[in-house]
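What follows is calculated from the coordinates using simple rules that are stated; it is not laboratory data. Just so you know, these numbers come straight off a predicted model, no measurement behind them. Using ideal geometry, Cβ is built from the backbone for each residue, glycine included, and neighbour counts are taken over all protein chains shown.
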Amino acid sequence: MADLLSVVIPFLFVLAVVYGALEVSDIFKRSQVKLIISLCFALVAMTTGFITGFIMGILPYAIMAFIAIFFVGFALSFFSGKGGEKGERDYVLVAIVLVLFLLFLTNYGIGFLEDYVPGISMEEFATGVGIIVILLVLYSVYKTWNKQ
């Protein structure tokens, strides 16, 4: 199974990157031509051991960079508002950022906040933060449905 994935993942990655680059550059007008070219690149990448090894070696770092870029993009669009209108927020992005924050807290723990919140146990603090985040997500869903 690992051998299959070490060939399929670089194939799909090269296919997506080349097709996306051809789509953005808009050199070829027909999507069939873009697909054929990207399939040729992906098949060559799949059969070359050097390329598959390079892609599998660099892909974890690329994934972390993509996650960081998307999170920064979500945060910036949250603070900038929707469509440039003042006071208008995209509440779907608010919910996504809050859920990502909650996942960060559950994965890495909140032990780094122990010194900042004296007199309260970490279980009580985690429960309070979780309830607040869930209420904010529910509020953002309410605001999103209320607009439509």
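Karplus-based coupling profile of the stretch 130-144, in residue order and whole Hz: x, 5, 5, 5, 5, 5, 5, 5, 5, 5, 5, 5, 4, 5, 5, with θ = phi - 60° in 6.51 cos²θ - 1.76 cosθ + 1.60 and x standing for Gly or Pro. Set the Förster radius R0 to 22 Å, insert the Cβ-Cβ distance between Ser6 and Cys40 as r into 1/(1 + (r/R0)^6), and round the FRET efficiency to 0.05. That pair, Ser6 with Cys40, gives E of 0.60.
What ranking, highest mean first, results for peptides 54-65, 133-144 when packing means the other Cβ atoms within 10 Å averaged over each residue? Spell out each step's value before the answer.
On the way: 54-65: 11.7, 133-144: 14.7.
Output ranking for 54-65, 133-144: 133-144, 54-65.
With the biggest extent put first, the Cα atoms of the stretch 1-79 measure 45, 36, 19 Å across the principal axes.
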